[in-house]
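To start, the structure under review is shown below, and the notes come after it.
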Amino acid sequence: MKKDLNKTNEQLSFELNDLRKKSKEREKILKAANQQLLATEQQLRAANQQLKANNQQLAASEQQLRAANQQLQAQTEELSRMATVVKDSNDAITIQDLEGNITAWNAGAEKIYGYTDKEAFKMNITELVPDEYKSEVLNFINQFKKDELVESFETKRKTKDGKILDVWMVVTKLVDDKGKLIGAVSTERDITERNAFVKELVKNTHQLEANNQQLIAANQQLDANNQQLSATEQQLRASNQQLATSEKKFRSYIENAPDGVFIANEKGEYLEVNKAACEITGYTKNELLKLTISELIPQEYLEKAKNHFQAVIKDGFASSELAYVTKSGEKKFWNVDAVKLSDTRFLGFAKDITKRIQTEEKVRAANQQLVANEQQLRAANQQLIAGEHELKKEKIFSEKIVETASAIIVGIDKDHIIRIFNKGAESITGYTKAEVVGKDWFKMFFPKEMLNEMNKVWKDSWEITSHSYVNSILSKAGKEIIVSWQTTGMYESEDVSKHLLLSIGQDITERKRAEEEIKKRMNELEIFNEATVGRELKIIELKKEINELLVKTGQKPKYEIIV
């Protein structure tokens with residue numbers, strides 16, 4: 001029994017020791033597990049901090065993304081404005097690489113030269129040059145490759161149908177983002193009609209000078225003849241017979257003139273009319289001689305007709321386009337050139353221009369339709385502009401054109417504050433971009449006494465799609481600059497504050513001064529002409545000679561010779 005009890009105690013002692021060992025092992029395991037749990041908790045806390053940092057970074061990235069989107073939208077709108085400038089310009093704007101190959105071609109170029117952009121992209125610029133000017137353009141390209149300065153110049157160009165044009169060319173260097181020369185941007189304006197007009201003015205001036213020389217010689221000869229005429233009564237009678245013949249010729253000319261001829265008194269009552277006057281009005285001669293000027297004029301044109309008649313009385317001559325009513329009640333239009341013969345006699349030449357006026361009205365209606373079509377095309381064009389990458393490239397291209405163009409390019413907002421001012425504007429006006437951007441266009445470039453007038457004109461000009469005009473501005477040095485403007489409205493943005501009136505201006509000061517000098521010279525010659533023939537009324541023979549000379553040169557007789 002005792003042995004069994006000892007054995008049981010030993011067994012219990014063994015099991016107790018075993019339990020103690022297992023308890024210590026469990027403690028070790030629990031301690032290790034606890035340490036693992038603490039490490040895991042620390043990792044979770046670190047992960048949570050990292051998550052918070054990531055969230056903050058994500059929020060910052062989101063703000064940057066929003067700012068980038070806003071900047072992209074602004075760049076897109078600015079690009080749209082720049083693209084519209086190039087597209088809507090009446091001048092030809094082209095780009096050529098260093099070999100003269102055409103890489104850009106706007107609507108103005110297609111209008112002037114007749115080639116579409118697809119045709120132009122297959123051409124070299126030399127294909128637009130007449131044969132006799134080939135060497136000039138090749139020399140120009142060589143100069144450009146050498147990076148030599150090439151100023152604006154006048155040259156010749158050939159259209160698709162072979163017509164030769166006079167062109168004023170402004171050339172700008174085109175460089176890549178590293179400043180390397182890669183081509184040329186040229187702005188070309190068709191000045192064919194202007195040159196023809198100047199040539200005609202010069203020709204007429206020379207002709208008038210020649211006529212004056214003839215008149216001077218005739219005056220000298222007539223002075224000698226006057227001495228002979230005063231010597232004998234027989235010579236005077238012969239002269240009177242010649243004057244009577246001249247008057248008959250004059251009356252015959254009036255009666256058979258292709259245009260209506262009217263003679264009226266100071267009250268506007270008709271005293272004499274010719275066949276053509278009867279034909280265009282539908283009245284007989286007797287019927288017209290019972291009427292007055294105002295009875296042939298519609299009510300809405302009476303004020304203009306009255307002003308025309310007063311101008312003839314005051315200045316001795318006036319020309320106006322007026323409406324008139326025929327005997328049948330039909331409203332027509334004529335151009336009236338009237339001269340003052342005396343205080344009680346006025347001579348008028350009337351040419352029917354009804355067909356021309358009707359044609360002009362049709363053209364105006366067609367132009368309005370074209371403007372509507374152009375607006376639709378612009379809207380469609382906005383829908384077609386897509387792709388951020390292409391927009392950025394076009395923006396850079398347009399900015400380079402605006403910034404490097406030698407013409408004045410300014411953008412003005414609704415409050416006439418300057419927003420765009422390119423290098424061409426800096427060069428011509430003497431102001432820098434920093435001096436004018438953000439300032440009032442009118443206060444910077446117009447005299448103070450013109451500000452009220454300019455503000456009134458601005459109200460009518462704002463929101464006009466496009467128009468052309470000529471006015472003067474003042475340079476930084478106070479010098480007057482005459483500028484020919486082509487203006488385009490930029491109203492596409494939904495944000496009204498971003499609307500602009502964009503204007504491209506060409507300095508025509510020298511050209512205008514040359515034209516004024518020619519006109520001044522012609523006026524001086526006319527005054528001299530009047531002085532040489534403004535002799536005493538008794539020298540009737542001299543007036544006859546002058547009238548004959550004027551007829552030979554295709555002009556109307558100046559004097560009415562009454563026996």
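The values are calculated or read from the model by the stated rules, or taken from the named source; none is laboratory data. Predicted model, so just to flag it, every value in this text is computed and none were measured. Cβ: placed from backbone, ideal geometry, glycine included. Neighbour counts: every protein chain shown.
Results for (1) surrounded by 13 or more Cβ atoms within 10 Å (Cβ to Cβ); (2) free of Cβ contacts under 8 Å to residues at least 12 places away in the same chain; (3) within 29 Å of THR465 (Cβ to Cβ); (4) not small (Gly, Ala, Ser), shown as yes or no for each residue.
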position	(1), (2), (3), (4)
ASP91	yes, no, yes, yes
THR126	yes, no, no, yes
TYR133	yes, no, no, yes
LYS156	yes, no, no, yes
MET169	yes, no, yes, yes
GLU193	no, yes, yes, yes
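Of all residues being in contact with a strand residue (DSSP E or B) (Cβ under 6 Å, 6 or more places away or on another chain) and assigned to a loop (DSSP other than H, G, I, E, B) in region 99-115, which is modelled with the highest pLDDT? Just the residue, please. Once the filter is applied, the top-ranked residue is ASN106. Quick check on THR359: is it closer than 15 Å to ILE293 by Cβ, out of contact with any helix residue (DSSP H, G or I) (no Cβ under 9 Å at 6 or more places or on another chain) and either of a type in the set (Val, Ile, Thr) or loosely packed, with under 10 Cβ neighbours inside 10 Å (or both)? So THR359 fails the test.
When the test is whether a residue is closer than 30 Å to SER89 by Cβ and in contact with a Ser or Thr (Cβ under 9 Å, 6 or more places away or on another chain), GLN375 passes it.
Annotation: of all residues in region 295-354 being hydroxyl-bearing (Ser, Thr, Tyr) and over 14 Å from GLY268 (Cα atoms), the one that is surrounded by the fewest Cβ atoms within 10 Å (Cβ to Cβ) is SER328.
Close contacts from region 278-302, counting a first residue that is at negative phi and in contact (Cβ under 8 Å) with a residue 60 or more places away in the chain and a second that is surrounded by 13 or more Cβ atoms within 10 Å (Cβ to Cβ) and among the basic types (Lys, Arg), with Cβ to Cβ under 9 Å and a gap of 6+ residues or different chains, come to ILE280/LYS332; ILE280/LYS351. Kindly establish whether LEU181 is surrounded by 13 or more Cβ atoms within 10 Å (Cβ to Cβ), of a type outside the set (D, E, K, R) and within 20 Å of SER406 (Cβ to Cβ). The answer is yes for LEU181.
Quick check on region 449-469: of everything there that is assigned to a loop (DSSP other than H, G, I, E, B) and more than 15 Å from the chain's Cα centre (by Cα), which residue is nearest to VAL483 (Cα to Cα)? Among those that are assigned to a loop (DSSP other than H, G, I, E, B) and more than 15 Å from the chain's Cα centre (by Cα), it is TRP462. Apart from one condition, ILE254 fits all of (1) touching a helix residue (DSSP H, G or I) at 6+ places or on another chain (Cβ under 9 Å); (2) of a type in the set (A, V, I, L, M, F, W, C); (3) part of a helix (DSSP H, G or I); the exception is (1).
Looking across region 463-499, the residues that are more than 23 Å from GLY430 (Cα to Cα) and of a type outside the set (Ser, Thr, Tyr) come down to GLU463, ILE464, HIS467, GLY489, MET490, GLU492, GLU494, ASP495, VAL496, LYS498, HIS499.
Tell me yes or no: at least one residue of region 425-434 is charged (D, E, K, R), under 24 Å from SER89 (Cα atoms) and surrounded by 12 or more Cβ atoms within 10 Å (Cβ to Cβ). Yes, region 425-434 contains a residue that is charged (D, E, K, R), under 24 Å from SER89 (Cα atoms) and surrounded by 12 or more Cβ atoms within 10 Å (Cβ to Cβ).
When PHE250 is tested against the conditions (1) at pLDDT below 90; (2) farther than 14 Å from LYS351 by Cα; (3) in contact with a Phe, Trp or Tyr (Cβ under 9 Å, 6 or more places away or on another chain); (4) not polar (S, T, N, Q), the lone failure is (3).
Residues satisfying the criterion are present in region 539-555 (criterion: part of a loop (DSSP other than H, G, I, E, B), modelled with pLDDT of 70 or more and within 21 Å of GLN213 (Cβ to Cβ)).
When LYS355, LYS332, LYS362 are screened for being of a type outside the set (S, T, N, Q), more than 24 Å from PRO557 (Cβ to Cβ), touching a Ser or Thr at 6+ places or on another chain (Cβ under 6 Å) and not in a loop (DSSP other than H, G, I, E, B), only LYS332 passes. For region 136-191, give me each residue that is over 29 Å from the mean Cα position of the chain (by Cα) and in a loop (DSSP other than H, G, I, E, B). Once the filter is applied, which keeps residues that are over 29 Å from the mean Cα position of the chain (by Cα) and in a loop (DSSP other than H, G, I, E, B), region 136-191 yields LYS146, ASP147, GLU148, ASP176, ASP177, LYS178, GLY179, LYS180.
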